[in-house]
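Read the structure below first, then the notes.
The values are calculated or read from the model by the stated rules, or taken from the named source; none is laboratory data. This structure is a prediction, so every number in the text was calculated from the model and none was measured. FYI the Cβ positions are ideal-geometry reconstructions off the backbone, even for glycines, and counts take in every protein chain you see. Areas reflect the complete protein model, heavy atoms only, side chains present, ligands, DNA and RNA absent. Shrake-Rupley method; radii C 1.70, N 1.55, O 1.52, S 1.80 Å.
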Amino acid sequence: MKLTRRILMSAAAGFLLSGSAAMAQTELTFWSWRQEDKAFYQDIIKKFQAKEPGITVKFETYAPENYQTILSTALAAGRGPDVIQVRAYGNLETIATPGYLLALDRQNVPELANFPEPALAAETLRSDGKVYAVPFAMQAQLVVYNKKIFKDNGVNPPKTWDEMMALAQALKAKNINPFSNGTATAWQNETIVGGLLSSMLGKEFEADIVSGKANFTDPRFVNALAKLKDISQYFAPNFTGVDYPSSQQLFVAGRAAMFAGGSYEVANFKNQNPTLDLGVFPAPVLKAGDQALIATYYDGGYAVNAKTEKKDAALKFVRFLATPEYGTAFTNTLKNLSPIKGIKIEDPITQEVAKLAENSMSYLMLVRFRYQEPSGSVLLQSNVQKMLAGQQTPEQAAAEINKGITTYYKPFQK
């Protein structure tokens, strides 16, 4: 009888303990627009949960084009996820300004010390100077090229604009598409500008634009647009009707030698066609001796919902996403460059991108002019699209871009 009672008491105690453990379990929701990275995040979540067995994370993704609207709507209603993958710069401000995000500092996230100041600036609200997200990637606009096509045709990556034009002409003469780029998807026109014109524009131009010493009618900008118009004859056949997925597929199939766009394309291209041997090079300079540059920006970050009831658990997860361990896995798995200090880069192309990033200018419209309307990005995208379709001259495109930004940018109103 006593033995039976002891067994029953032990069973009851075990039940109570297991019930307490279940009650102590905290589930976080984590939203993202990075649908293509789902497998990576699920693996990362498993590693985090092994370190923090009392916390589980439910990862949910949404279509990139709808994400900001879905997120803003949920946050405005006092809901939304506990942890949020947010975009940077102006897009961050739209959800940080109303108070939807928890401010981060080195007390609640000591790992902020792992980031360079420009990365933190991309996740900082200008009105209060506070950081609202842990940065997750640095992206670069440059040229991705097919090494096999270059080798088979005895050509090398061009360093000057004249070399670029000569290369494109030589490839086209052999019935090889020099570039797979199309312009039907509006935002691609901005990536093309960043990938091909950064060295020609240069850091001094950016500084002059920011200070108001120059504006977008400056000859440096107009002349760069004219050069872009010249090179567009070597884009995909009927390029004005070629959208982003089609331009990607043309390159992935090995039917074009180059793709002007983001460093983030490399992993995507390799996933679709593992046989591709790829390289990258910066925008060609106007004349020999000029500094070759790529255009860089910080892609977004990980934030905490200000209204979450699970703040401690959410901060633990965000802190994990700010460690060199995470940054190394992110960089080597996704072939995107984490801004976290102390990461170890294994992939040769990512190492090359990191080296090129030592000489860079801002991805100008995103970093400087995507805070107010009309956004500099939208102005650049639409007017370059029209220019390349033959509906505007470079001078007219530059004037329209400048006109829109002048409506709110005080340095241009002097």
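Residue pairs exceeding 24 angstrom between C-alpha atoms, taken from Lys38/Lys335; Lys148/Lys172; Lys38/Lys147: Lys38/Lys147.
Phi angles of the stretch 216-224 translate, via the Karplus equation with coefficients 6.51, -1.76, 1.60 and θ = phi - 60°, into HN-Hα couplings of 7, 8, 4, x, 4, 6, 4, 5, 5 Hz per residue; Gly and Pro are given as x.
Backbone phi angles across the stretch 175-192, fed through the Karplus curve with coefficients 6.51, -1.76 and 1.60 (θ = phi - 60°), yield HN-Hα couplings of 6, 10, 5, x, 10, 8, 5, x, 10, 5, 8, 3, 5, 5, 5, 6, 5, 5 Hz in residue order; Gly and Pro are listed as x.
Between Trp187 and Lys148, the contour length at 0.36 nm per residue exceeds the alpha carbon distance by 11.2 nm. Extension gain, Gln49-Glu117: 0.36 nm per intervening residue step, less the Cα-Cα distance, totals 21.5 nm.
Where only DSSP H runs of four or more residues are counted, the chain gives -14500 deg cm²/dmol as its mean residue ellipticity at 222 nm, each run worth -39500 (n - 2.57). Summing +1 for each Lys or Arg and -1 for each Asp or Glu among the other residues whose beta-carbon sits under 12 angstrom from that of Ile149 gives +3. GNM remark for the chain: springs join alpha carbons under 10 Å apart, and the peak mean-square fluctuation among Phe150, Phe179, Phe317 falls on Phe150. Here's the picture: a label point sits 7 Å out from the Cα of Ser246 along the beta-carbon direction, and within the stretch 179-194 the residues with their amide nitrogen under 16 Å of it are 179-189.
GNM remark for the chain: springs join alpha carbons under 10 Å apart, and the peak mean-square fluctuation among Gln25, Gln85, Gln392 falls on Gln25. With a cut-off of 19 Å on the backbone N, the residues of the stretch 240-268 near the modelled label site 7 Å out from Asp277 along Cα-Cβ are 251-259, 266-267. Placing a label point 7 Å from the Cα of Glu346 along the Cα-to-Cβ direction, no residue of the stretch 264-296 has a backbone N closer than 14 Å. Net charge in the neighbourhood of Met165 (other residues with Cβ under 15 Å of its Cβ; Lys, Arg +1, Asp, Glu -1) is +2. Short-range pairs are left out: with C-alpha atoms under 8 Å and at least six residues apart, the relative contact order of the stretch 164-308 is 38 percent. For the stretch 201-328, a crude dipole built from +1 on the beta carbon of Lys and Arg and -1 on the beta carbon of Asp and Glu, taken about the Cα centre, is about 200 debye to the nearest 20.
Since only Gln248, Gln107, Phe221 are under comparison, the one whose Cα sits farthest along the positive direction of the charge dipole of the chain, derived from C-beta charges on Lys, Arg, Asp and Glu, is Gln107. Annotation for Asp162 and Thr56: the two label points, set 7 Å from Cα along the Cα-Cβ direction, are 6.6 nm apart. Looking at the chain, the accessible area is 45 square angstrom per residue; that uses a 1.4 Å probe and ignores ligands, DNA and RNA. Peptide packing: for 131-139, 375-383, 164-172, the average count of neighbouring Cβ atoms within 10 Å per residue gives the ranking 131-139, 375-383, 164-172, highest mean first. Here the stretch 93-153 and the stretch 36-58 have alpha carbon centers that stand 21 Å from each other. In sequence order, the stretch 201-213 has phi-based couplings of 6, x, 5, 5, 4, 4, 4, 5, 5, 4, 7, x, 5 Hz under the Karplus curve 6.51 cos²θ - 1.76 cosθ + 1.60, θ = phi - 60°, and Gly or Pro positions carry x.
Between the Cα long axis of helix 394-406 and the first principal axis of the chain there is an angle of about 40°, rounded to the nearest 10. Counting Lys and Arg as +1 and Asp and Glu as -1 over every other residue whose Cβ lies under 13 Å from the Cβ of Gln291, the net charge comes to -1.
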